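Here the structure comes first, spelled out in structure tokens, and everything after it is commentary.
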Amino acid sequence: LTAKAHDDHGTVIALNEQVTVGGDELLIVGGPCSVESLDQMEAIATRLGQRTIQALRGGVYKPRTSPYAFQGMGEAGLAILDRVRRRYHLPVITEVMAIHQIEAIAAHADALQVGSRNMQNFDLLKALGKVDKPIVLKRGLAATIQELVMAAEYIAAHGNPNIILCERGIRSFDTYTRNVLDLGAVVALKQITHLPVIVDPSHAAGKRELVPNLARAAIAAGADGLMIECHPVPEESVSDARQALSLEDMAALVESLRPIATAV
Ligand code: PEP
Ligand code: MN
């Protein structure tokens, strides 16, 4: 169902009445790693809404490596996302980690994100097949391109064709970057599937100074959009502070994409 042969034209997926991905316009998703407060999310929406970003991201259920690290605001965070999406007419994307979270998240978000660590949580994928909101499916930490495609196929086979693939870097021996951004995967996924493909350079890089050039390279490679972590006070981010862009840097980066997007 996800194969290019199934639908020769790229699939365009709507996040709300105004915002789509997979068509002529780039989809820029920006926001913090974790939702921390209403003020934080409103600052981002006010500064970046519509012109710089078309959708807001922010995790409220966080898949943290350490059980002692901040685990996300949970339902209180969902309420914040819901308020901001209504007030600023910005679609929001947030991660679902477990089947029991689906109902609440689908009630408050415009798209549900499957994180890298859950890319092959097949029961979760099957359950997301029954949801009528788009799914952003992130590539697993060490998943092959084919495994990513088959994970998408699970969601599609269970009834939900609205899947956005997200390349976010894969594990390697090198510790300089957090992961290795695989732009070859972007090119391949665009050739073998009809699904929109976006790139998250933030989790690939792990360092904010690497993010802008990787983002530009992703657009040059044919990505349909980007998901980038940014924060009003990056150093104070409760998670992934090292890779968060300031709102000024985010705005400048997105401006720099326009000529690249026109050229590809
Ligand atoms: C995220 O986008 O918040 C995230 C946890 O990313 P990943 O699943 O790619 O590690
Ligand atoms: Mn993060």
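Throughout, read-outs are computed from the coordinates displayed, never taken from laboratory work. A quick note: this is a predicted structure, and the numbers were derived from the prediction, not measured. For neighbour counting, all protein chains shown are included, and Cβ atoms are generated from backbone atoms with ideal geometry for every residue, glycine included.
Determine the sum of side-chain charges near residue 236: Lys and Arg each +1, Asp and Glu each -1, restricted to other residues whose C-beta is under 14 angstrom from that of residue 236.
Values: positive: 208, 242; negative: 36, 39, 229, 235, 240.
Overall, the nearby charge balance is -3.
Just add up the charged neighbours of residue 39: K/R +1, D/E -1, any other residue whose Cβ is under 15 Å from the Cβ of residue 39.
Values: positive: 47, 83, 87; negative: 36, 42, 236.
Result for the neighbourhood of residue 39: 0.
Going by the alpha-carbon gyration tensor, a ≥ b ≥ c the square roots of its eigenvalues, is segment 64-185 rounded (a/c under 1.5) or, if a/c is not under 1.5, prolate (a/b greater than b/c) versus oblate?
Numbers: a/c = 1.77, a/b = 1.28, b/c = 1.39.
Taking the square roots of the gyration eigenvalues as a ≥ b ≥ c, segment 64-185 is oblate.
Neighbour counts of other C-beta atoms within 10 Å: give me 257, 137 arranged from fewest to most.
Working: 257 19, 137 26.
So the ranking, lowest neighbour count to highest, is 257, 137.
How would 34, 66, 246 line up from fewest to most surrounding beta-carbon atoms within 10 angstrom?
Ascending Cβ contact count within 10 Å gives the list 66, 246, 34.
Using a simple spin-label model with points 7 Å from Cα along the Cα→Cβ vector, what separation in nm is obtained for residue 7 and residue 86?
My value for the distance between the label points is 3.1 nm.
Once the Cβ-Cβ distance between residue 242 and residue 220 is put in as r, and R0 is 30 Å, what FRET efficiency do you end up with, to the nearest 0.05? Walk me through the numbers on the way to the answer.
Working: r = 25 Å, r/R0 = 0.84.
Efficiency computed from Cβ-Cβ geometry: 0.75.
Of 143, 233, 198, which is farthest on the positive side of the dipole of the chain, counting Cα position, with +1 on Lys and Arg Cβ, -1 on Asp and Glu Cβ, and the Cα centre as origin?
143
Which of the three applies to segment 4-258, rounded, prolate or oblate, going by the alpha-carbon gyration tensor with a ≥ b ≥ c and a/c under 1.5 meaning rounded? Provide the component values of the computation, followed by the final result.
On the way: a/c = 1.25, a/b = 1.13, b/c = 1.11.
Rounded shape, in that the Cα axes give a/c under 1.5.
Answer rounded, prolate or oblate for segment 142-198, using the Cα gyration tensor with square roots of eigenvalues a ≥ b ≥ c: rounded when a/c is under 1.5, else prolate when a/b is larger than b/c, else oblate.
Working: a/c = 2.66, a/b = 2.03, b/c = 1.31.
The shape class here is prolate.
Most fluctuating residue of 72, 184, 129 in a GNM of the chain with Cα springs under 10 Å: which is it?
Taking springs between Cα atoms under 10 Å, the residue moving most is 184.
Could you tell me how far the Cα centroid of segment 120-146 sits from the Cα centroid of segment 5-74, in Å?
If you average the Cα positions of each part, the centres end up 17 Å apart.
Defining a contact as two alpha carbons under 8 Å apart and six or more residues distant in sequence, what relative contact order in percent does segment 117-227 show?
On the way: 203 pairs, mean separation 24.5, N = 111.
Once normalised by length, the contact order is 22 percent.
Springs between alpha-carbon pairs under 10 angstrom, Gaussian network model over the chain: which of 210, 245, 125 fluctuates most?
So, out of 210, 245, 125, the one fluctuating most is 210.
Determine, for 68, 61, the number of other Cβ atoms within 10 Å of each Cβ, and report the residues in order from fewest to most. Walk me through the numbers before you get to the answer.
On the way: 68 7, 61 22.
Final ranking by Cβ density, sparse to dense: 68, 61.
Given the options 110, 174, 123, state which has the largest fluctuation in a GNM of the chain using a 10 Å cut-off (strictly under) for Cα springs.
Answer for the Gaussian network model of the chain: 174.
Taking the Cα centre as origin and putting +1 on Lys and Arg beta-carbons and -1 on Asp and Glu beta-carbons, what dipole magnitude results for segment 4-258, to the nearest 20 debye?
240
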